[in-house]
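A.B. asks: Have a look at this one before I ask anything.
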Amino acid sequence: MNDLAPILLFAYNRPQHLKRAVASLLQNEEAKASDLYVFSDAAKSSRDKEAVELVRETIQDIEGFRQITVVERKENWGLARSIIDGVTSIVNQCGRVIVLEDDLVVSPYFLRFMNDALETYKDEPRVGHIQACDFTQSPRLPDTFLIKWTGSWGWATWKRAWENFNPNGEELLAQLYERKLNKCFDFNGKYGFTKMLRDQTEGKNNSWAIRWNASLFLADILSLNVGRSLVSNEGLDGSGSNSYSYDPYRSKLWMQPLKVERIQPIEENMEARKEFERYYGRTNSMWAKAVRRLKRAMKGDFGL
């Protein structure tokens, strides 16, 4: 078995974003010894067919990894179904996975950090997720910290942790309310994660990430997060179906190695949680949202 975790890369209809994602991965020394799995979703409509074909042509040109496996969906699965299926199948085979979407660009030290963290915490049941993106850009955050929150932009997990994933949003939502944890889940009411989960149950979104977040939160399982971002979301240019321009969640790539040191004791960093609460309070207020809408409108972008 390969010592390095397999990389799962999910793509749809943005060939240029995919090229940037792959190019950034290849800047990592560990890429040549890593297995890459590329999941290509089929076109949802005829409008996307040409772009999906370009993505698939781009995938065929990928090289520089130890082994490359391509999974081309025959029909449109959507991101949630594709990620849930892809992560489940590969993590069950390999025990651990690193997960990326095609609009992410990573630091040259991303793979080193993720593999070091996966190895360091492999036998720690209270750590179930690794998140390598920081959008707060707060100097008050340490290089690494533990928190009850899971980000979805450049992450990793283990088979033992993924077994906690509950795809049933209604069950998760009911537990949050029954245990009166919804306010805490929402960072003291500063961000509507509970609403996001409720919207998923009502078919208003199909987020796998909110269900993964809630699954670990309810199981009292922590995420190892970074205070220096090794991932940047380039999909915030407005090209993605789930992102918009002028997004406050952009990040600045940390272009140096980020050391993994085992944190003791294994407990949530409450100062980091307060920092997230302050950040969401600034960026998610009605005033902050109104300013972003105004900026988009001034540029001719009238998306919601």
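The values are calculated or read from the model by the stated rules, or taken from the named source; none is laboratory data. Just so it is clear, the structure is predicted and the values come from calculations on it, not from any experiment. When we count neighbours, we look across all protein chains shown, and the Cβ atoms used for this are built from the backbone with ideal geometry, even at glycine. Side chains are part of the model used for accessible areas, which takes the heavy atoms of the whole protein and leaves out ligands, DNA and RNA. Shrake-Rupley method; radii C 1.70, N 1.55, O 1.52, S 1.80 Å.
A.B. asks: For region 1-70, which GluC sites (Glu not before Pro) are both in a DSSP coil and crowded by at most 11 other Cβ atoms within 10 Å?
C.D. replies: Hits after loop and neighbour filter: 63.
A.B. asks: In deg cm²/dmol and to the nearest 500, what is the mean residue ellipticity at 222 nm of the chain if only DSSP H runs of at least 4 residues count, each as -39500 (n - 2.57), divided by the residue total?
C.D. replies: Taken over the chain, the calculation gives -12000 deg cm²/dmol.
A.B. asks: Further question: If you average the sequence gap of Cα pairs under 8 Å that are 6 or more apart and divide by the length of region 74-182, what percent do you get for the contact order?
C.D. replies: 33 percent
A.B. asks: Students often get this wrong, so check it: of 44/274; 148/259; 122/180; 19/252; 183/204; 49/204, which have C-alpha atoms separated by over 29 Å?
C.D. replies: Where the Cα-Cα span goes over 29 Å, the pairs concerned are 44/274; 122/180.
A.B. asks: Taking just the C-alpha trace of region 39-121, give me its Rg and Dmax in Å.
C.D. replies: My reading of the Cα-based Rg and Dmax gives 14.7, 46 Å.
A.B. asks: Let me ask something additional. Could you please tell me the mean projected area of the C-alpha convex hull for region 87-229, averaged over all directions and given in square nanometres to one decimal?
C.D. replies: 8.9 nm²
A.B. asks: Additional query: Output the relative contact order of region 8-89, whole-number percent, from Cα pairs under 8 angstrom with separation of 6+ residues.
C.D. replies: 40 percent
A.B. asks: Given contacts defined as C-alpha pairs under 8 Å and at least six residues apart, what's the relative contact order of the chain, whole-number percent?
C.D. replies: Across the chain, relative contact order equals 21 percent.
A.B. asks: Same structure again: Looking only at the chain, where both bridge partners belong to it, what percent of the DSSP beta bridges are antiparallel (to the nearest 5)? Intermediate results must be reported in sequence, preceding the final value.
C.D. replies: Values: 13 of 32 bridges.
Expressed as a percentage, antiparallel bridges in the chain total about 40.
A.B. asks: Sticking with this one: Using a Gaussian network model of the chain with C-alpha springs under 10 Å, which one of 45, 152, 82 is most mobile by mean-square fluctuation?
C.D. replies: Among 45, 152, 82, the largest GNM mean-square fluctuation belongs to 45.
A.B. asks: For region 93-107, what does the Karplus curve 6.51 cos²θ - 1.76 cosθ + 1.60, with θ = phi - 60°, yield as ³J(HN,Hα) per residue in whole Hz, taken in order and with x for Gly and Pro?
C.D. replies: 7, 10, x, 7, 8, 10, 10, 9, 10, 5, 9, 9, 10, 10, 6
A.B. asks: Order 35, 85, most accessible first, counting only protein heavy atoms with a 1.4 angstrom probe.
C.D. replies: 85, 35
A.B. asks: Something else about it: Label region 1-146 by shape, choosing from rounded, prolate and oblate, from the square roots a ≥ b ≥ c of the eigenvalues of the Cα gyration tensor; if a/c is under 1.5 it is rounded, and otherwise prolate applies when a/b is larger than b/c, oblate when it is not.
C.D. replies: Prolate.
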